[in-house]
Amino acid sequence: MTISIPLDQSLCRFDPDTDDHSAAALLLEVEQNDMEQPVHQHRKGQLVMALHGGVVCEVPKAMWMVPPNHAVWIPGGMAHSNRATDNARICFLFIEPGAAPMPGECCTLAIDPMVRELILHLAGQGPDYPRVGPTARVAAVLLEQLSAAPIEQLHLPISGHPKIRRIADALAADPADRRTLAQWADGLAMSERSLARLVQRETGLTFGRWRQQLHLIVALRQLAGGATVQQTAGDLGYDSVTAFITMFKKALGQPPAQYFAALR
């Protein structure tokens, strides 16, 4: 089933919880928009796969990035919101609880070409396909293969602590903000040491590593949306394109051009 409407309206026309098929897929062509699908949840688990452009999913205490040819898995019953880049092409796959041994926590999965094509085929059949027959067998093979997909660490831990959230919101609004830990601590009426401990305790990362992970998610989203490496480096406040490429390669093992070429 294919829908070409704003992201925030997509599930108003497609309710995945109305039946108990083991799997149902929706192909979504996102119009130019910067709107976010508001916080919601499903009885079924949801896989969000980006075919073109990118998607950012936010769940309690974490933000997940979906670059092309990857997917975010959201277990059933978990509140979440989705935000897509302009003109993104997205597949939603909804999986009935217990139909496949999927992870119990939200995570990013690498999607190989065969699994991608199986999801696209299922999306073309509509959600009410016969329970016995070729499409049902495709769904069974898809679930078997998907449960073995490798997990990748493309997420940003976000604490519910108001001071951590204040920093996260500020950096999301202005990723080029280069205030030091000491400067943030001063603005939050804390000591630098206390803030460092708070960030480590709430996110599991040092402040520098946490901010770098946010930069990585923003960079993936912008590059997937068509921004150049030069534009992205500037938007993130890097002094040079080389410094940005070094950060990207250290985090993902390849410079941006090679990373996205491999995804394609």
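The values are calculated or read from the model by the stated rules, or taken from the named source; none is laboratory data. Keep in mind that this is a model prediction, so the values were computed, not measured. Don't worry about glycine lacking a Cβ; one is built from the backbone with ideal geometry, like all the others, and counts go over all protein chains shown.
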| task | Kindly list, by first and then second residue, each pair from a residue in the range 126-141 that is closer than 15 Å to residue 18 by Cα and small (Gly, Ala, Ser) to a residue that is modelled with pLDDT under 95 and in a loop (DSSP other than H, G, I, E, B), limited to pairs with Cβ atoms under 7 Å and residues at least 6 apart or on different chains. | result | 126/1
| remark: If you go through 184, 210, the only one that is among the hydrophobic types (A, V, I, L, M, F, W, C) and touching a strand residue (DSSP E or B) at 6+ places or on another chain (Cβ under 8 Å) is 210
| Of 198, 156, 205, 220, which residue is surrounded by 14 or more Cβ atoms within 10 Å (Cβ to Cβ), touching a helix residue (DSSP H, G or I) at 6+ places or on another chain (Cβ under 6 Å) and not charged (D, E, K, R)? | 156
| query | Would a scan of the range 173-182 turn up a residue that is over 23 Å from residue 112 (Cα atoms) and in contact with a Gly (Cβ under 6 Å, 6 or more places away or on another chain)? | reply | yes
| said: I need the full set of residues from the range 102-124 which are in contact (Cβ under 8 Å) with a residue 40 or more places away in the chain and outside any helix (DSSP H, G or I), in order please. | reply: 102, 103, 106, 107, 108, 109, 110, 111, 124
| said: Out of the residues in the range 223-242 meeting the condition of being surrounded by 13 or more Cβ atoms within 10 Å (Cβ to Cβ) and more than 23 Å from the chain's Cα centre (by Cα), tell me which one is farthest from residue 155 (Cα to Cα). | reply: 241
| Total residues in the range 246-264, condition at pLDDT 85 or above and over 18 Å from the mean Cα position of the chain (by Cα) | 9
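The rows are residues; the columns are (1) farther than 22 Å from residue 147 by Cα; (2) in contact with a strand residue (DSSP E or B) (Cβ under 6 Å, 6 or more places away or on another chain); (3) modelled with pLDDT of 80 or more.
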{"position": "1", "(1), (2), (3)": "yes, yes, no"}
{"position": "20", "(1), (2), (3)": "no, no, yes"}
{"position": "40", "(1), (2), (3)": "yes, no, yes"}
{"position": "48", "(1), (2), (3)": "no, yes, yes"}
| field | Considering residues of the range 107-124 that are surrounded by fewer than 19 Cβ atoms within 10 Å (Cβ to Cβ) and at pLDDT below 90 only, the residue nearest to the chain's Cα centre (by Cα) | value | 110
| task | Residues being within 12 Å of residue 256 (Cα to Cα) and at pLDDT 90 or above: count how many of those fall in the range 217-234. | result | 5
| remark: If you go through 111, 74, 95, the only one that is in contact with a Cys (Cβ under 8 Å, 6 or more places away or on another chain) and within 17 Å of residue 146 (Cα to Cα) is 74
| query | What is the one condition in (1) farther than 26 Å from residue 66 by Cα; (2) assigned by TED's automatic domain parsing to the domain that holds residue 252 that residue 134 does not satisfy? | reply | (2)
| field | strands (runs of 3 or more DSSP E) enclosed by the range 51-101 - at least 3 residues per element that are in contact (Cβ under 8 Å) with a residue 40 or more places away in the chain | value | 55-59, 62-66, 80-84, 89-95
